[in-house]
Amino acid sequence: MNRALAATADPAAHQATDDLDLAVRLLAGTPTHEGRDPALLRRWAEAATAFGAALEPGPCRARIVERADGLEELLLARYTSRPATVEIYTDTVDRAERLIDELGWRAWYPVGSVRAAALAHESAHEHFHHKETRTALKEAIGHTALRLGRLRVLAHVAGAEEIAAHAYARTVCGLGRSPLLLTAALAAAVGAPRREN
């Protein structure tokens, strides 16, 4: 989970930020993008979002393992390729579900949608382990690493796969807002200093 999304300690403050701005913020907080033109980051975020939303839905073929130790590291889920496994962090999923109720966001994130979106998100990462999908995303973004006459080598854009995976999860799960909003709010809620009563 990208802590750069938690620009404020108030989880509800993110509600006013639209999903594309959250995606731009994710890119801006990703190493290698410091100082890049915000308009360029916005174009990349738009392209990655459109790409993820258009990915063909399909079942997650990875083995699914539930764990209960993700909250401290702000992990909802994680995909590993060898062997293909999705780890779902039940403590973080439960905290996210409670946060949705606390913030009154149920219309955007129905009960059970956090786990479903986390699984869909990691399923998208599974897609990105195939060269054709990675190449198609690079083509959609169109960032040139090298040009020699007619030869053009496309570059990987750090953070683009993450944005595409969030867009895929939103589309597949029919969510009212991107999981990026929930991610930002959760990072703020968990990272905020605890109040003494």
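For segment 142-167, the set of residues classified as on the phi < 0 side of the Ramachandran plot, in contact with a strand residue (DSSP E or B) (Cβ under 8 Å, 6 or more places away or on another chain) and touching a residue at least 24 places away in the same chain (Cβ under 8 Å) consists of H143 only.
Within segment 88-100, identify whether any single residue is in a helix (DSSP H, G or I), open to solvent by 40 Å² or more (accessible area, probe 1.4 Å) and touching a Phe, Trp or Tyr at 6+ places or on another chain (Cβ under 9 Å), and answer yes or no. No - not one qualifying residue is present in segment 88-100.
Does segment 103-124 include one or more residues that are more than 15 Å from V172 (Cβ to Cβ), part of a loop (DSSP other than H, G, I, E, B) and not hydrophobic (A, V, I, L, M, F, W, C)? Checked against the condition, which is being more than 15 Å from V172 (Cβ to Cβ), part of a loop (DSSP other than H, G, I, E, B) and not hydrophobic (A, V, I, L, M, F, W, C), segment 103-124 yields at least one hit. Out of A158, A117, one residue alone is surrounded by 17 or more Cβ atoms within 10 Å (Cβ to Cβ) and under 18 Å from the mean Cα position of the chain (by Cα). It is A117.
When restricted to residues that are closer than 21 Å to Y168 by Cβ, touching a residue at least 24 places away in the same chain (Cβ under 8 Å) and either open to solvent by 40 Å² or more (accessible area, probe 1.4 Å) or under 16 Å from the mean Cα position of the chain (by Cα) (or both), segment 55-79 contains 11. Per the listing V114, V157, V153, V172, the residue uniquely among the aliphatic types (A, V, I, L, M) and touching an Asp or Glu at 6+ places or on another chain (Cβ under 6 Å) is V114. Among the residues of segment 131-151, those identified as open to solvent by less than 70 Å² (accessible area, probe 1.4 Å) and not small (G, A, S) are T133, T135, L137, I141, H143, T144.
The values are calculated or read from the model by the stated rules, or taken from the named source; none is laboratory data. Owing to the predicted nature of the structure, the values given are computational and were not obtained by experimental measurement. For neighbour counting, all protein chains shown are included, and Cβ atoms are generated from backbone atoms with ideal geometry for every residue, glycine included. Surface areas here come from the heavy atoms of the whole protein model, side chains and all, with no ligands, DNA or RNA. Shrake-Rupley method; radii C 1.70, N 1.55, O 1.52, S 1.80 Å.
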